[in-house]
Amino acid sequence: MSETHVPARRVVVIGGGISGLAAAHRLVDGGAQVTLLEASGRLGGKLYAGQIAGVAVDLGAESMLARRPEAVNLARAVGLADRLCLPAASAAGLYTRGALRPMPTGHVMGVPGDVAPLAACGVLSDAGLTRIGRDAELPRDELGEDVGIGTYVAARLGREVVDRLVEPLLGGVYAGDAYQISMRAAVPQLYEAARAERSLTEGVRAIQRRAAAGPAAGGPVFMGIDGGVGGLPLAVADAVRAGGGDIRTHAPVRRLARTGSGWSVVTEDGTALTADAVVVALPAPAAASLLAADAPGAAAELGTVEYASMALVTMAFRRAEVAGLPNSRGFLVPSVDGLTIKAATFSSHKWGWVAQGDPELFVLRTSVGRYGDEADLERDDPELVARSLADLHTTVGLTARPVATRVERWDGGLPQYPVGHLDRVARVREQVAGLPGLRVCGAVYDGVGIPACVATAHTAADELLGLLATVPAA
């Protein structure tokens, strides 16, 4: 909770995803009078709980990084402490080189610190393993301001490491091109270690030593919520309302304008609101549209952000017919292996609450779509299901037919973080900060995960609370 208390100040939050809701919650706690406007009829954005065959499931994001505290702390703050849960299955696999293999240990986002774990699981060829072993013999690199993680890792350790390890792991987060994704933005600890250590593998080992000695050592990496992470935004919304906040759905914002001492916010139906401050918690294209008049530089920068689309194919099977599935939480698929799916999650193995929803059913889901390679998303829902089933037959021998299927499409769902992303974000924030009472937050700035989104929301809210405490009301 913010220490700054600002009574009777009006703040409009534009956007009802987890970022906007977290900002609204922080502002209400700080004493502000908050109105949140969401264009669609549903709160939560990519956090979306639903059902398949009567079983509760997440149809969007399904877990939170537990080693960052922001999302877990928010869940506790809105009354979900007793519903926080750990994955029931921890092991994960990697389908590559024609076989399902255990995910190797001893890496940072797929970048290895040692050859031994890789040699044991057979992910890389002998030539690839030899290349990693020679990393310490290469001259030390002088890293510039930023570099594509795939480009840098390939130069040091070979393309195999990127294509079969880094790409599927980064793809699970960004659905992006590993060769273009900024190392400084996406894996900052690796960027700093690569600058500080003699070799990349030594940098990975240094990161692992620090992690082993840190306060989160031995703790869970991920955490979920009984009933679905999609319940988090709904609980936050309830807490905002309980604190006096006003939340309106079906309320797209048409115009945002500075009025001298405050802000005017006009919705599509002509409703006009005045505010002392505004938080814009929207994807880049929508934010750029609203900021074009008062912050054209920021709007232009946001207009260059590219997004990846994806689809999640959720299927329910009779449990007796899929008894042979691996007892793991699922597996990743590198794009070089030529399958349609990029990952499969065995939800009934991974989450106890899914398994308990109907002990006779088994729920799993696949994900489809990568940045720059989204042709599969043009297929209709039945074909995406068919392609997923074919790939599951190839990877794990699945022959059963689902009793229910559901396809959820996330068009433009994941912002891309190319080289130079952090500089672009800094330019956006610099111009936005020049406008009194305006802040931005969301997945496009400091990370696409739930904790990162919550952190940007809290920063935006805290800065506004501080400013509102020192200036007259509009």
| task | Describe numerically, in nm with one decimal, the distance between label points set 7 Å from Cα along Cα→Cβ at Ser90 and at Arg134. | result | 3.7
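Work out the FRET efficiency for Asp381 and Glu306 from their Cβ-Cβ distance, taking R0 = 30 Å, and round it to the nearest 0.05.
Details: r = 25 Å, r/R0 = 0.84.
After rounding to 0.05, the efficiency reads 0.75.
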| field | Relative contact order (percent, whole number), the chain, Cα cutoff 8 Å, 6+ residue spacing | value | 25
| request: Could you tell me which of Ile14, Pro69, Ala311 has its Cα farthest along the dipole of the chain towards the positive end, charges placed at Cβ (Lys, Arg +1; Asp, Glu -1), taken about the Cα centre? | output: Pro69
| message | Using Cβ counts within 10 Å as a stand-in for footprinting exposure, how do Trp353, Trp410 rank, fewest first? | response | Trp353, Trp410
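Taking a quarter of the surface of the convex hull around the Cα atoms of the range 93-213, what do you get in nm²?
So the mean shadow area of the Cα hull is 7.1 nm².
What do the square roots of 5 times the Cα gyration tensor eigenvalues come to for the chain, in whole Å, largest first, as semi-axes of the equivalent ellipsoid? List each step's numbers first, then the result.
Working: eigenvalues 290, 156, 80 Å².
Working from the Cα gyration tensor, I get semi-axes of 38, 28, 20 Å.
Around Gly171, under 13 Å between beta carbons, what's the net of Lys plus Arg minus Asp minus Glu among the other residues? Intermediate results must be reported in sequence, preceding the final value.
Working: positive: Arg164, Lys342, Arg370; negative: Asp163, Glu167, Asp177, Asp337, Asp373, Glu374.
Result for the local shell: -3.
Size of the dipole of the range 197-293 about the Cα centre, Lys and Arg at +1 and Asp and Glu at -1 on the beta carbon, nothing else charged, in debye to 20? Write down the numbers at each step before the final one.
Working: 9 positive and 8 negative charges, 76 e Å.
About 360 debye.
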| note | Proxy exposure order for Cys453, Cys441 (fewest C-beta within 10 Å first) is Cys441, Cys453
| request: Rank these for me by crowding, Glu268, Glu142, going from fewest to most other beta carbons within 10 Å. | output: Glu142, Glu268
| Got a sec? Which residues in the range 211-248 would a label at Gln356 touch, if it sits 7 Å along Cα→Cβ and we count backbone N under 13 Å? | 225-228
| query | Of the peptides 364-377, 227-240, how do they stack up when ordered by the mean number of other Cβ atoms within 10 Å, highest first? | reply | 227-240, 364-377
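Considering only DSSP beta bridges where both residues belong to the chain, give the percentage that are antiparallel (nearest 5). Please report the intermediate quantities before stating the final value.
Values: 50 of 68 bridges.
Approximately 75 percent, going by the DSSP bridge assignments.
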| task | Pick out, from Val368, Thr470, Ala257, the residue whose Cα sits farthest towards the positive end of the charge dipole of the chain, with +1 on the Cβ of Lys and Arg and -1 on the Cβ of Asp and Glu. | result | Thr470
| query | Using alpha carbon centroids, what distance separates the range 102-161 and the range 340-400, in Å? | reply | 29
| task | Taking only the C-alpha atoms, wrap a convex hull around the range 307-415 and report its volume per residue in Å³ as a whole number. | result | 100
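Read the figures in this text as sums done on the coordinates, not as results from a lab. Note that the structure is predicted; figures quoted are calculated from it, not measured. Counting neighbours? That spans all protein chains shown, and the Cβs are built from the backbone with ideal geometry, glycine included.
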